[in-house]
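**Student:** First, the structure itself, so that you have it in front of you.
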Amino acid sequence: MFLSVFDMFKVGIGPSSSHTMGPMVAAARFLALLRESLFHPKGLKASLHGSLAFTGIGHATDRATILGLAGFDPASYDHAKAEAALAQIRDTKTVTPPGLPTLTFDPTHDLSFDYGPALPGHANGMILRATDAQGDVILQETYYSIGGGFVLTAAEQEAARLIAADPKKSEARAPVPYPFQTAAEMLAMAAKSRLTIAQMKRANERTYRTDAEIDAGLARLWQVMTDCIDRGLVTGGILPGGLKVRRRAPGIHQALIAERGLNLVAPHTINDWMSVYAMAVNEENAAGGQVVTAPTNGAAGVVPATIRYWLDHVPGAQPSRIGEFLLTAAAIGGLVKHNASISGAECGCQAEVGSAAAMAAAGLAAVLGATPEQVENAAEIALEHHLGMTCDPVKGLVQVPCIERNGLGAIKAVSAASLSLRGDGQHLVSLDACVETMRQTGHDMHEKYKETSLGGLAVNVPNC
């Protein structure tokens with residue numbers, strides 16, 4: 001399966017790609033299915049299951065589902081219009097999606113949280129239903145939000161499972177010039193073609209887009225990323241959700257600026273710059289702002305923070321090479337998603353911040369002149385030292401420990417890239433072995449540590 005750089009990096013809204021963007025996308029898909037049907041619906045209902053139920057309030061899953069059923073989508077989301085729509089829906093107890101009649105939908109009664117066992121296909125499941133005038137269900141679909149804003153129906157999820165279980169089917173290749181599905185294949189193709197990982201990834205992208213379209217898309221992604229950093233660096237206040245978490249990025253940033261040029265500044269202060277860039281993004285994400293999945297919202301700060309560090313603090317950095325960074329990062333993210341997961345609800349935070357750190361480390365190594373072997377080594381180092389990391393958001397909010405964790409993920413990414421460049425690319429643990437270890441660890445991890453807020457910090461820190 002080909003995963004485009006524009007699949008791995010998507011413009012969306014906070015606070016969660018799997019719990020906010022995913023349900024909104026699922027709702028849009030259900031509306032499209034309803035428009036194509038011969039039914040004459042009168043009402044809508046939705047139920048959230050598994051992690052979508054347990055941390056749904058904190059992740060604004062209910063809000064995203066309501067807005068999705070009203071016709072909103074992440075890519076074109078307008079906050080002011082959304083707030084007005086939510087108020088109207090609560091007052092009228094109806095939604096009027098484009099291309100459909102006004103439908104009854106009372107969020108209080110027609111949107112339910114099922115705290116029982118998760119649906120069989122994935123920890124993030126939801127069921128959407130259309131009803132007739134008598135309230136009988138006339139159309140129903142089950143959707144799984146599998147991380148990073150990716151959504152599959154129950155049938156699509158089962159088909160993906162069967163393909164993964166069948167060696168012959170799983171070996172099917174996408175119609176692209178360099179269809180690598182493992183890091184070993186990626187390195188072998190790079191050696192044979194004498195191309196960089198970014199060059200191979202671009203060649204694959206050209207199967208579906210022109211170079212001009214690729215470049216414009218990459219530029220758009222970076223613009224949204226850097227704008228998000230800039231907003232986060234100047235926006236203060238208290239984050240929503242009830243934990244009363246204070247935005248810290250503006251204060252830290254002002255202190256760092258004030259210290260510039262002083263002889264007393266310690267060398268390790270550079271870590272604070274990396275952290276503040278990442279924290280700025282994730283504070284924006286926690287507030288429901290516009291971010292880029294990288295590869296998820298919960299890990300959205302690592303890649304942009306690493307790029308900003310490179311641009312602002314590394315001599316010789318060239319903005320013209322940001323596309324190379326993103327293409328390389330996307331290649332690594334695609335390997336992780338294909339062979340393991342980028343979903344915190346499936347594999348814990350190792351799958352989110354761990355994957356983001358691996359992507360960022362690979363991208364940074366590439367623009368610093370690394371060989372493909374060194375790039376693979378950088379990704380492996382970063383991912384290896386996130387193995388076993390749980391996802392235990394306090395009160396189900398993407399705030400604690402998520403915001404700081406992105407800062408530390410960026411620091412690890414830079415350290416991993418630097419270490420890889422000190423070697424020749426030869427190392428004991430391969431990226432493939434590390435990804436498989438992450439998959440196995442996630443499978444063995446107790447459910448209470450996988451984005452349910454039933455364990456870890458979520459039960460040991462006061463929630464009010």
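Where a number appears in this text, it was derived from the coordinates with a stated rule and is not lab data. This structure is a prediction, so every number in the text was calculated from the model and none was measured. A quick note on method: Cβ atoms are made from the backbone with ideal geometry, for glycine too, and the neighbour counts reach across all protein chains shown.
**Student:** Can you tell me which residues in the stretch 431-445 are in contact with a Ser or Thr (Cβ under 9 Å, 6 or more places away or on another chain) and more than 21 Å from V367 (Cα to Cα)?
**Tutor:** The answer is D432, V435, M438, R439, G442, M445.
**Student:** Look at the stretch 343-396 and say how many of its residues are assigned to a helix (DSSP H, G or I), under 28 Å from L152 (Cβ atoms) and aliphatic (A, V, I, L, M).
**Tutor:** Of the residues in that region, 12 qualify.
**Student:** Among the residues of the stretch 226-255 satisfying the criterion of being of a type in the set (A, V, I, L, M, F, W, C) and outside any loop (DSSP other than H, G, I, E, B), which is farthest from the chain's Cα centre (by Cα)?
**Tutor:** Among them, the one singled out is A255.
**Student:** Right, here's the next one. Spot the failing condition for S76; the list is (1) out of contact with any Pro (no Cβ under 6 Å at 6 or more places or on another chain); (2) polar (S, T, N, Q); (3) under 22 Å from G116 (Cβ atoms), and only one is missed.
**Tutor:** (3)
**Student:** Restrict the check to the stretch 434-446 and report whether at least one residue is in contact (Cβ under 8 Å) with a residue 60 or more places away in the chain, in a loop (DSSP other than H, G, I, E, B) and buried (at least 17 other Cβ atoms within 10 Å of the Cβ).
**Tutor:** For the stretch 434-446, residues in contact (Cβ under 8 Å) with a residue 60 or more places away in the chain, in a loop (DSSP other than H, G, I, E, B) and buried (at least 17 other Cβ atoms within 10 Å of the Cβ): present.
**Student:** Looking only at the stretch 1-29, which residues are of a type in the set (A, V, I, L, M, F, W, C) and in contact with a Gly (Cβ under 8 Å, 6 or more places away or on another chain)?
**Tutor:** Correct list: L3, V5, F6, M8, I13, M21, M24, V25, A26, A27, A28.
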